[in-house]
Amino acid sequence: MRIALIGTGNVGQALGVRWAQLGHEVIFVTRDPGSEKVQKILAEAGAGVRAMRVGEAAAAAPIIVLATPWNAVQSVIGSVPDWSGKIVIDATNPIAPGFQLAVSGDNSGAEQVARWAAGAQVVKAFNTTGAENMRDPIYNGEATTMFICGDSAEAKAITSQLAEALGFMVADVGPLTAARYLEPLAMVWIRLAIVQGRGRDIAFRLVQR
């Protein structure tokens, strides 16, 4: 699959490098493709990986992962004139200062992304855990859980394939409105890992008797 990752922070790097190592065609989206940071990421990811600016990458890739800070999302989406037919995997969390949700109640960040990126098939995924777990989601020999939601069965199936390839067990929570639950779940992980200082090597696992 050809996947463009918008954002070269921890999450974008972890997902892009792992997918490239698994044989996917990965494009890292950045303002400065020639920067030292980006060149180091490309070297780690291996052959066949490219860096592009957002407009070029969005035109070239059918699957686009949003992995930017929330305050940059609207601007990034607005810089692409047409999102029709794209699968957009929203890995962002709408975090406000003080580790609070900037979007909540009868709305979610993912639903807002779907409105901004009109015509795209949006899936919420890769937001409820840390980048370390995207590099290695196995704990004591067991796969941890990646929760996803979205309105397109096709887009969710592709997202599930990508998550399972990394080693996750996927739990489909339902339509995109279920992001109203997944984004607060991400805040639970953040609170445990960062605010309470448990560290980033923690993960959620759905178990069933």
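List pairs: first in segment 170-184 and within 8 Å of GLY150 (Cα to Cα), second outside any helix (DSSP H, G or I) and β-branched (Val, Ile, Thr), Cβ under 7 Å, 6+ apart or cross-chain?
Matching pairs, first to second residue: LEU176/VAL122.
Yes/no matrix, rows are residues, columns are (1) buried (at least 22 other Cβ atoms within 10 Å of the Cβ); (2) in a loop (DSSP other than H, G, I, E, B); (3) touching a helix residue (DSSP H, G or I) at 6+ places or on another chain (Cβ under 8 Å):
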{"residue": "GLY34", "(1), (2), (3)": "no, yes, no"}
{"residue": "VAL65", "(1), (2), (3)": "yes, no, yes"}
{"residue": "ILE77", "(1), (2), (3)": "yes, no, yes"}
{"residue": "ASN93", "(1), (2), (3)": "yes, yes, yes"}
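Restricting to segment 40-52, name every residue that is surrounded by 15 or more Cβ atoms within 10 Å (Cβ to Cβ) and either in contact (Cβ under 8 Å) with a residue 40 or more places away in the chain or outside any loop (DSSP other than H, G, I, E, B) (or both).
Selection gives ILE41, LEU42, ALA45, ARG50, ALA51, MET52.
Okay, residues lined up against (1) crowded, with 24+ Cβ neighbours inside 10 Å; (2) farther than 16 Å from GLY199 by Cα; (3) touching a Cys at 6+ places or on another chain (Cβ under 8 Å):
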{"position": "LYS124", "(1), (2), (3)": "yes, yes, yes"}
{"position": "GLU132", "(1), (2), (3)": "no, no, no"}
{"position": "ASP136", "(1), (2), (3)": "no, no, no"}
{"position": "GLU142", "(1), (2), (3)": "no, yes, no"}
{"position": "THR145", "(1), (2), (3)": "no, yes, no"}
{"position": "ILE148", "(1), (2), (3)": "yes, yes, no"}
{"position": "SER152", "(1), (2), (3)": "no, yes, no"}
{"position": "ALA155", "(1), (2), (3)": "no, yes, no"}
{"position": "THR159", "(1), (2), (3)": "yes, yes, no"}
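Which of the numbered conditions does GLY55 fail, given that it passes all the others? Conditions: (1) surrounded by fewer than 17 Cβ atoms within 10 Å (Cβ to Cβ); (2) under 18 Å from the mean Cα position of the chain (by Cα); (3) within 25 Å of GLU111 (Cβ to Cβ).
(2)
Being within 17 Å of ALA165 (Cα to Cα), aliphatic (A, V, I, L, M) and either within 14 Å of the chain's Cα centre (by Cα) or at pLDDT 90 or above (or both) is true for just one of LEU15, LEU66. Which residue is that?
None of the other options fit; the residue is LEU15.
If LEU192 meets every condition in (1) outside any helix (DSSP H, G or I); (2) surrounded by fewer than 16 Cβ atoms within 10 Å (Cβ to Cβ) apart from one, which number is that one?
Answer for LEU192: the failing condition is (1).
If LEU192 meets every condition in (1) in contact (Cβ under 8 Å) with a residue 12 or more places away in the chain; (2) under 22 Å from TRP70 (Cα atoms) apart from one, which number is that one?
If we test LEU192 against (1) in contact (Cβ under 8 Å) with a residue 12 or more places away in the chain; (2) under 22 Å from TRP70 (Cα atoms), just (1) comes out false.
The values are calculated or read from the model by the stated rules, or taken from the named source; none is laboratory data. These numbers were taken from a predicted model, which means no experiment stands behind them. A quick note on method: Cβ atoms are made from the backbone with ideal geometry, for glycine too, and the neighbour counts reach across all protein chains shown.
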